[in-house]
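Quick notes on the structure that follows.
The values are calculated or read from the model by the stated rules, or taken from the named source; none is laboratory data. Treat the numbers as computed from the prediction; the structure is a model and nothing was measured. In this analysis, Cβ positions are derived from the backbone assuming ideal geometry, glycine residues included, and neighbour counts consider all displayed protein chains. Keep in mind that these areas ignore ligands, DNA and RNA; they rest on the heavy atoms of the full protein, side chains included. Shrake-Rupley method; radii C 1.70, N 1.55, O 1.52, S 1.80 Å.
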Amino acid sequence: MLPGARPRTAPKSTWARGLVRRLTPLTAIAAVFAIQAAAGAGPVLVFPLYLTIILLTALQLSRIDSLATAVLAAIGILIPSLVGTDQPADIAPAILLALVLMVSAVAITEVVRQGRDVAADTQRKADAVAASEERLRTMLEAAMVGLALADPGGRWIEVNDRLGMILGRTRDELIQMNLDDVTAENDRAALAEALVLLRSGDIVRWEAELNQLRADGTRVPVAIAITTASGHAPGESLLLVQETDISARRRVDGMRDCLVALRHVIVSGSPWEQAVPQLLSSLCAYLGWDLAQFWLADSGRQALRVRHFWHREAAGYEEFREQSRAMAIPMGFGLLGRVWQSGVVAALEDLSLPNDYERSDSARGAGLKSAIAFPLVESGVVVGVIELLGDHPRVVQDDEVTMLATVGVEIGQFIRRSDVAQALRRSEADHRAIFERSPIGIVRISSDGELVEANPAVLGMLAHDFEGMRENAWPDLLRAYDQAASRQRFAPLLAGITGGGSVQVRAATGAGKWLWLQLTATSIPDPNGRPEHLLVMIEDVTTVRETSDQLAEALESQRNANANLEKLDRTKTEFLSIVSHEFRTALTGIQGFSELIRDGGLEQDEVRAYGGYIFNDADRINRLIGDMLDLDRMESGRMGMRSGDVDINEVLSEAMARAGTAAATVEFKADLDPRLPIVAGDRDRLIQVVSNLVNNAIKYSPDGGTVTLSTRAEGGYALVSVTDTGLGIPPDEIGHVFERFRRVRSGAAQSIPGTGLGLTIVKQIVEMHGGKIWVESAVGHGSAFHFTIPLSVEDATPMQRRHA
């Protein structure tokens with residue numbers, strides 16, 4: 001016993017009660033004995049009293065106490081008989097009754113003992129069952145998953161506290177509900193189908209991930225497992241439901257997948273304007289938001305204006321979207337203005353509460369109940385804000401805020417890189433695009449050129465392992481570097497470079513793919529200042545080289561397009577000048593002769609002559625309009641061809657006959673091949689071609705001369721030539737004679753009237769027939785126009801040939 005400690009003693013009240021209980025049987029026996037002695041009662045009369053006392057003692061006290069009481073009772077029966085009489089007949093009943101008392105006491109105590117043992121054993125079992133139930137209850141309540149029993153219809157029977165915490169409801173509330181009541185609407189069909197299969201016995205376990213509803217209406221994703229179990233009653237079937245809150249896991253997985261998706265979009269190389277919708281959709285899809293808007297600061301940084309909008313497939317966002325488009329949010333105003341000003345992520349977890357959100361009423365009208373905004377940071381400056389909105393209140397976690405802040409910086413940098421890349425592509429002076437996201441390889445080599453170390457980027461770039469790189473790829477790169485450096489008058493790689501320039505070389509990967517690599521070498525000196533190692537930076541600039549070539553091609557195409565536009569502009573001017581001149585000339589003649597006729601006083605022959613002049617001028621205008629319409633139909637593909645067999649010699653003969661009557665100063669000659677086969681073409685259009693060429697020959701032979709028409713067969717074509725001895729065409733004009741509205745502008749030819757459409761129409765008709773046309777000319781010696789027309793068939797019969 002420790003010093004100063006008091007010995008344990010039973011409480012006085014407990015000791016007193018035990019003493020009273022032990023003395024009570026003795027007192028009862030003494031009382032009965034006194035009554036017996038006073039009344040002179042026989043043993044038979046007091047026997048029941050003594051037996052009752054023994055029975056009560058056995059039930060209340062221990063076995064020893066009951067046996068001691070029986071001994072005293074037996075003595076109490078025997079003493080009067082032994083003292084009061086000398087008759088053996090009176091002593092015998094007393095002895096017998098005393099023995100009966102003793103035997104009865106022994107029997108009663110044994111029965112009581114067995115009863116007490118049975119009761120104690122029963123109590124122990126009951127205590128064990130209660131302890132087991134308590135441990136089971138403790139285990140269920142301490143479980144980190146939600147557990148419950150439900151009937152086959154899905155109604156809750158028993159749930160643990162963890163399930164109530166997951167669903168945001170009390171146990172009593174859940175007991176009044178079923179699985180369907182706490183499951184999101186879009187998952188109820190799958191749950192109902194699973195319950196049917198479980199009830200029918202087709203399956204005994206069903207697992208899934210679905211969304212359930214808390215008491216406040218927010219959704220919580222859970223992993224649920226439902227297993228059939230037997231109840232207490234025979235044939236009773238129950239469902240054991242196990243649920244785990246996976247919102248944290250989904251949130252972490254969603255943030256990770258969101259970062260991966262965003263970075264994939266960022267490194268894809270698309271311009272940021274095209275990439276923003278993908279960024280917004282990825283943010284909503286992986287983080288569980290319903291609507292996203294991209295706000296960009298205007299050029300003067302006076303206000304934020306919405307540039308892009310994305311939302312899930314749902315109606316009711318039109319008004320909110322239109323209001324956003326119409327707004328210009330100044331710095332410091334509302335949620336977006338605060339984020340723009342502070343550069344810090346901010347959120348409104350419940351829009352139904354008082355807040356400073358700019359479009360609060362419109363957002364609530366669209367069913368939006370929470371919002372978060374994060375800044376887009378470029379070189380420390382907030383250039384824009386992205387806001388995300390959801391259809392239910394939600395608590396934003398710290399890791400999500402950190403992730404959005406990181407995303408804002410990366411998107412801001414992406415916008416800057418994208419703008420720089422676009423500016424480089426638009427700049428003619430700096431047409432070589434540099435892709436900063438290209439992997440950079442680093443190798444370390446010794447002073448004698450041996451590869452010492454290579455990072456994974458260069459190994460992956462060249463598709464080699466380290467041994468293959470050292471044995472095969474690096475010696476080739478070293479030789480290629482020295483050759484390229486020699487051409488650029490740089491020092492060789494091993495010549496003690498202290499800060500070398502960049503050299504581009506062509507190299508093959510281990511997979512057989514050719515790359516353009518840019519190598520930049522820098523020496524690493526030892527403590528004595530002598531070059532010890534070389535660091536070589538290796539960049540894959542294949543894309544840059546290819547892009548540079550494409551930019552040069554695009555630039556050349558732009559220059560050609562500009563030249564064509566200038567040419568078209570000049571052509572348009574010439575067209576207006578020529579057409580207006582032709583129309584004005586003809587209309588002037590028509591107007592003048594009409595006035596003479598109108599004024600009267602003319603002879604009949606004069607009226608007839610002036611009418612002829614008016615007719616010729618009108619016909620001139622009509623032919624000009626017809627030529628322009630024909631050319632338009634040809635170039636638009638709306639002019640049809642009525643192809644058939646045509647005797648081209650006959651067409652030429654008709655053209656000479658008509659032209660001969662109108663041109664007295666020109667002599668016509670024919671050099672037609674009499675055995676020329678029939679050609680395939682449109683007779684009317686071919687007559688138009690020949691007539692134009694003949695009229696041109698006459699018109700450009702103002703001093704007379706000879707016009708010769710000739711034909712001959714060449715291969716599968718008929719070659720037709722119209723030759724004159726007129727003015728001729730200058731060499732610098734020959735390449736343009738078939739262009740629209742193009743006429744010879746030098747010498748005597750510039751005074752000859754014309755629209756410049758005839759030869760263009762001729763060229764179109766010839767090419768529509770599958771032939772070609774060209775001209776040979778010399779100034780002062782005339783011109784020769786040649787064109788070809790396909791023959792009808794190569795093996796034409798004699799009846800299809802023309803004979804002399």
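Amide H contacts under 5 Å for residue 391: 290, 369, restricted to partners 5 or more places along the chain or on a different chain, H placed in the peptide plane at 1.01 Å from N.
Taking the Cα centre of region 251-424 as reference, the dipole from Cβ charges on Lys and Arg (+1) and Asp and Glu (-1) amounts to some 340 debye. Of the heavy-atom accessible surface of region 251-424 (probe 1.4 angstrom), what whole percent is carbon and sulfur? Carbon and sulfur: 52 percent of the exposed surface of region 251-424.
With a simple spin-label model that places each label point 7 Å from the Cα along the Cα-to-Cβ direction, the separation between residue 409 and residue 14 comes to 7.1 nm. Full extension of the chain between residue 353 and residue 35 yields a length gain of 105.4 nm, computed as 0.36 nm times the residue separation minus the alpha carbon distance.
Surface analysis of region 143-245 yields an accessible area of 51 Å² per residue, using protein heavy atoms and a 1.4 Å probe.
A cut-off under 13 angstrom between Cβ atoms defines the neighbours of residue 378, and their net charge, with Lys, Arg +1 and Asp, Glu -1, is +1.
Between residue 79 and residue 556, the modelled labels are 14.5 nm apart [label points 7 Å from Cα along Cα→Cβ]. Per residue, region 251-424 exposes an accessible area of 44 Å² to a 1.4 Å probe, with every protein chain left in place.
Tell me, how many Å apart are the Cα centres for region 655-703 and for region 206-225? The two parts, judged by their Cα centres, are 92 Å apart. Here the extension length gained between residue 188 and residue 594 equals 136.9 nm, from 0.36 nm per residue of separation less the Cα-Cα distance.
Think of a 1.4 Å ball rolled over the protein heavy atoms: region 22-137 then has 61 Å² of accessible area per residue.
Between the beta carbons of residue 776 and residue 486, assuming R0 = 45 Å, the FRET efficiency works out to 0.30 to the nearest 0.05. On region 21-98, 75 percent of the accessible area sits on carbon and sulfur atoms, based on a 1.4 Å probe. Ordered by solvent-accessible area of protein heavy atoms (1.4 Å probe), largest first, the residues 200, 324 come out as 200, 324. Over region 143-245, Cα pairs under 8 Å with separation of 6+ residues give a relative contact order of 30 percent. In region 149-250, the portion of solvent-accessible area held by carbon and sulfur atoms comes to 50 percent [1.4 Å probe, whole percent, DNA, RNA and ligands not counted]. Counting charges near residue 396 (Lys, Arg +1; Asp, Glu -1) among other residues having Cβ under 12 Å from its Cβ returns a value of -3. Counting 0.36 nm for each residue step from residue 260 to residue 444 and taking away their Cα separation leaves a gain of 63.1 nm.
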